[in-house]
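The values are calculated or read from the model by the stated rules, or taken from the named source; none is laboratory data. None of the values given here were measured: they were computed from a predicted structure. Neighbour counts are summed over all protein chains in view; Cβ atoms, including those assigned to glycine, are modelled from backbone coordinates with ideal geometry. Please note that ligands, DNA and RNA were not included when accessible areas were found on the heavy atoms of the full protein model with its side chains. Shrake-Rupley method; radii C 1.70, N 1.55, O 1.52, S 1.80 Å.
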Amino acid sequence: MSIRFASSVCAIVIAVWPGRCQASAAPVAGGDGPIYFDLNDAGDTMDPGTLVVPWKTVHLDKDYGGRWVVAGDIDGDGQVEIVSAENFNAGDVHHTSAVAAQRLDGTVLWTWGDAAIGRKEWHHDVACQIYDLDQDGRNEVIVATKGFLVRLDGRTGNEIRRIPIEDEATDCIVICNLRGTARPQDILVKDRYRRIWAYNHWGNLLWTVQDPGGFRTAHQPVPVDIDGDGRDEIMAGYAMLNHDGSVRWVYKSETVDQGRGHLDCVRVLRQGERPRDWRLVLTCCGANNIAVVDGEGRILWEKAGYHFESIDVGRIFADEAGPQILVDIDHQPFGKCPMWVMNEQGVLLARITTDYSRHHVLVDWTGDGLDEVVVAYNGAVYNNAGRRIATLAVPDNEVSAKDPVEQRSILTGDMDGDGVRDVLMTTNTAVYIYRNVQGAKPNEKAPLGTGLNVTLY
């Protein structure tokens, strides 16, 4: 079927494909199978549901733009801008080499860096964030380039401050609150797997740690105030650090040899009044494990045997008490890439298998207060009945035989100012923005743009 994409000022439903077979998603009872459904949507097997064209398409600056994207109001006009970055990589050590800031109409506000040395692709975080670090009411763009942490004026791209750092301390940037200030004003930078450095917003070194708890670092440290004292603890890898960088506790698996790899991802599953009431879910690269621990490091459950990777936490099934876990299983053959949905106790609720499931988000796409699963590779939106209800169309699809699975990333954030999280799909050359026209407005409005500490792992 031939489809022509039309430009529009809103997300348009343009077609429903008739006559296609929908994969069976019958409930599975007993055994080791999922409780609600087991859906196979690999290959060209399913009706794509309603096709949704982008509300906006931002063609990235061809010289300075790259697939790493963050979004926010950087010039103070109340509208969202797109910031994209290239990175230079040698031997899995990388730094941000070029940045482009653009309005949603594609207009380039400014560029920074050396566009000749970097690459547009990634397979890791890129050290480029948007944040008002000095709390003057104006967002900055903060990058880690070789030897320096650089703060750029969001309006002009001019350098505000250049802070010397170690040459390899450029793997990612995390904003956190280590000093108990009114809002986070501290910065973590790190090398790929060994060391983390903490700085205040003036560039003064607060502390550094190597091999926290005797293990490698995570891809991205995660700040969380588990004791309620107004200062963040840092999940640095398998070790939870106090605000001063000292080790608070270390996760030690009862199931696998976690020394075989590193912490891939950690997410807050549930907050609590006391550390013991918190729940954190984490995945173990190399050790092939997923676990839930409390805020004191006590293991509540573990499941081993698969390369669990990235985690989203939300509510997919209304009949299940508490939040649910969405996690992909990576390092699988193309066409056999599953995502699992589990409850807080680790019970498998649902499974979705696609050609490539590595990049995904949860978002309320229908306005019923529950989350749908959105997958970057095929643009599919799956509901809690195990059905693809929509497909986010990419008009100039760039997936190629040379690189069939690494051509899209996916993010969420309020892109039009209505307080509802929209969806962004990013390739090497463009950002496609899909307005969430049915999503219910949350009690707390979503941040304008993609928010803090965007991560890829």
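Below, the figures for the structure above:
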item: Matching residues in the range 364-408 - criterion: being of a type in the set (A, V, I, L, M, F, W, C), assigned to a loop (DSSP other than H, G, I, E, B) and either within 16 Å of MET339 (Cβ to Cβ) or modelled with pLDDT of 95 or more (or both); result: TRP365, LEU370, ALA376, ALA385, VAL405
item: Extreme residue, farthest from VAL99 (Cα to Cα), among residues of the range 418-437 that are at pLDDT 95 or above and open to solvent by 20 Å² or more (accessible area, probe 1.4 Å); result: VAL437
item: Enumeration of residues in the range 167-198 that are of a type in the set (Gly, Ala, Ser) and either touching a residue at least 40 places away in the same chain (Cβ under 8 Å) or open to solvent by 30 Å² or more (accessible area, probe 1.4 Å) (or both); result: GLY180, ALA182, ALA198
item: Test for ASN289: is it free of Cβ contacts under 8 Å to residues at least 40 places away in the same chain and in contact with a helix residue (DSSP H, G or I) (Cβ under 8 Å, 6 or more places away or on another chain); result: yes
item: Verdict on TRP207 being open to solvent by 10 Å² or more (accessible area, probe 1.4 Å), under 19 Å from LEU452 (Cβ atoms) and assigned to a strand (DSSP E or B); result: no
item: In the range 43-65, the residues that are over 23 Å from the mean Cα position of the chain (by Cα) and either of a type outside the set (Val, Ile, Thr) or crowded, with 22+ Cβ neighbours inside 10 Å (or both); result: GLY43, ASP44, MET46, ASP47, PRO48, GLY49, LEU51, LYS62, ASP63
item: Top-ranked residue in the range 308-362 [being aliphatic (A, V, I, L, M) and within 14 Å of the chain's Cα centre (by Cα); ranked as most open to solvent (accessible area, probe 1.4 Å)]; result: VAL313
item: In the range 141-166, residue nearest to ASN87 (Cα to Cα) [restricted to those that are crowded, with 22+ Cβ neighbours inside 10 Å and in contact (Cβ under 8 Å) with a residue 60 or more places away in the chain]; result: VAL141
item: Subset of the range 220-240 [hydrophobic (A, V, I, L, M, F, W, C) and free of Cβ contacts under 8 Å to residues at least 40 places away in the same chain]; result: ALA239
item: Residues that are farther than 16 Å from ALA376 by Cα, of a type outside the set (A, V, I, L, M, F, W, C) and part of a loop (DSSP other than H, G, I, E, B), drawn from the range 50-80; result: ASP61, LYS62, ASP63, TYR64, GLY65, GLY66, ASP73, ASP75, GLY76, ASP77, GLY78, GLN79
item: Residue match in the range 141-156 (condition: among the aromatic types (Phe, Trp, Tyr) and more than 15 Å from TRP112 (Cβ to Cβ)); result: no
item: Selected residue (criterion: least open to solvent (accessible area, probe 1.4 Å)) from residues of the range 84-107 that are β-branched (Val, Ile, Thr) and farther than 11 Å from GLY157 by Cα; result: THR96
item: Index of the failed condition, TRP110 passing every other in (1) open to solvent by 40 Å² or more (accessible area, probe 1.4 Å); (2) under 22 Å from ASP75 (Cα atoms); result: (1)
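Residue-wise test of (1) at pLDDT 95 or above; (2) closer than 30 Å to GLN129 by Cα.
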site	(1), (2)
MET1	no, no
CYS10	no, yes
ILE35	yes, no
GLY65	yes, yes
GLY76	yes, yes
